[in-house]
Amino acid sequence: MTKPILVVTSRYPKEVEDRIDRDYVARRNPKQFPFTQQELLSVAEGADALFVTPADRLDSEFFQNVSPTVKIVATYSVGFEHIDLEAAARRKISVAYTPGVNSEATADIAMLLLLGASRRAYEAQELVRTGAWRPLSPDMLLGWQVGGKVLGILGMGHVGQAVACRARGFGMRIHYSNATELPAEIVGDAVYHHDPSDLLRASQFLSLHAPETPQTHHFLNSKAISLLPPEAIVVNTARGGLVVDDDLIAALKSGRIAAAGLDVFEGEPKLHPGYVSLKNTFLLPHIGSATIETRTAMGMLALDNVDAVLNGSPAPTLIQTGRSRVA
């Protein structure tokens, strides 16, 4: 039996790579950087499926020109902003993503960022690594305790719920805003705010977990920041596009925002250079899902979708065009 042809644009954990080698004729990207669109179109000629990442931008032009043999695009991500879903639907190409499996790992990183930002971890580590550490006076490197503080969560999906669970262990009080209010058996005693502005007013700490949509794009702008309590702390593990970088940087410089912990950036891997020079930022290179367990599970789910579509079976996590998503 002839194996299906799978275009593989990146490299994955060993268990995922072994499955690809076993079940497919793999056309791999030999480079350290993404295919150009023309390169991807060329390598996809005659292929059955594409296994891509958010670094691969599949726009309307791509789908107009992609090989008619392609039946499914499986993206190794929860987000799918890099794929033109309507254009894919016009070509009758299924698109699948990997929701749910990264929730625990991303929630861990959100708490790392929250604690790192609140306890001035970057400044403290810099003292150690540069050899500048001297006996500290009692008024140096004073951070902010999290116990008893309000953590506002924008987007109470799987990741937001996992963050709330962890934050309660640190004694934080949970408030949230979501498209709909969730049952108490899911969110416990968390306080719901239908209007995100009301959430901002209550949030001594704010953690962003909403998908990037036209409604949430640049949600955290100067107006939103002005609603936060003075010296609030901001965490973002969702999408960089939720934040207006210039506005957040200005607030960090002025002290209006005490600190920020960021794992995602608009235009990444490039980021606004203003963040790098600030001492009150705790920055990570989008590693929310970067555990062996999670990255393997994501790869296996992506391949499950490919297998199902090619075999004519129900696929576990296809994206339905026009359907809203909760991260």
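The convex hull of the Cα atoms of the range 98-141, projected and averaged over all directions, covers 4.2 nm². Every helix of 4 or more DSSP H residues in the chain counts as -39500 (n - 2.57), and over all residues that averages to -10000 deg cm²/dmol at 222 nm. Convex hull volume of the C-alpha atoms in the chain, normalised per residue: 152 Å³. Between Ala290 and Lys223, full extension at 0.36 nm per residue minus the direct alpha carbon distance yields a gain of 20.8 nm.
Averaged over all directions, how much area does the convex hull of the C-alpha atoms of the range 149-197 cover when projected, in nm²? Mind showing how you got there, number by number?
Values: hull surface 12.3 nm².
Result: 3.1 nm².
Here the Debye sum runs over all C-alpha atoms of the range 55-214 as equal scatterers in vacuum, and log10 of I(q)/I(0) at q = 0.09 Å⁻¹ comes out as -0.46. Take Asp198: with every protein chain present and a 1.4 Å probe, its accessible area is about 70 Å².
Per residue, what accessible area does the range 103-227 have, given a 1.4 Å probe and all protein chains present, in Å²?
Details: 6410 Å² over 125 residues.
On a per-residue basis, 51 Å².
Toward the positive end of the charge dipole of the chain, with +1 on the Cβ of Lys and Arg and -1 on the Cβ of Asp and Glu, the farthest Cα among Val70, Phe80, Ala47 is that of Phe80. Split the accessible area of the chain by element, probe 1.4 Å, and carbon with sulfur accounts for 56%.
Partners of Lys31 within straight-line reach, counting lysines whose Cα lies under 27 Å from its Cα and excluding those fewer than 8 residues away in the same chain: Lys3, Lys14, Lys71, Lys270.
Ordered from largest to smallest accessible area (heavy atoms of protein chains, 1.4 Å probe), the residues Met300, Met111 come out as Met300, Met111.
Helix 292-311 and the longest principal axis of the Cα set of the chain meet at an angle near 30°. Farthest towards the positive end of the charge dipole of the range 153-231, among the residues Thr216, Ser177, Gln204, is the Cα of Gln204, using unit charges on the Cβ of Lys, Arg, Asp and Glu.
Among Arg19, Arg119, Arg57, which one shows the biggest mean-square fluctuation in a GNM of the chain, springs joining Cα atoms closer than 10 Å? With Cα springs under 10 Å in the chain, the top fluctuation among Arg19, Arg119, Arg57 is at Arg19. Across the range 138-147, coupling constants 3J(HN,Hα) worked out from phi with the 6.51/-1.76/1.60 Karplus curve, θ = phi - 60°, read x, 9, 9, 6, 7, x, 10, 6, 9, x Hz, and Gly and Pro carry x. Excluding the site residues themselves, the longest part of the chain lacking any GluC sites (Glu not before Pro) in a DSSP loop with at most 16 other Cβ atoms within 10 Å is 82-180.
Once the 1.4 Å probe is applied to the protein heavy atoms, the range 231-327 comes out at 44 Å² accessible per residue.
The values are calculated or read from the model by the stated rules, or taken from the named source; none is laboratory data. Remember, predicted model here, so these are calculated numbers, not experimental data. For neighbour counting, all protein chains shown are included, and Cβ atoms are generated from backbone atoms with ideal geometry for every residue, glycine included. SASA here: full protein model, heavy atoms, side chains in, ligands and nucleic acids out. Shrake-Rupley method; radii C 1.70, N 1.55, O 1.52, S 1.80 Å.
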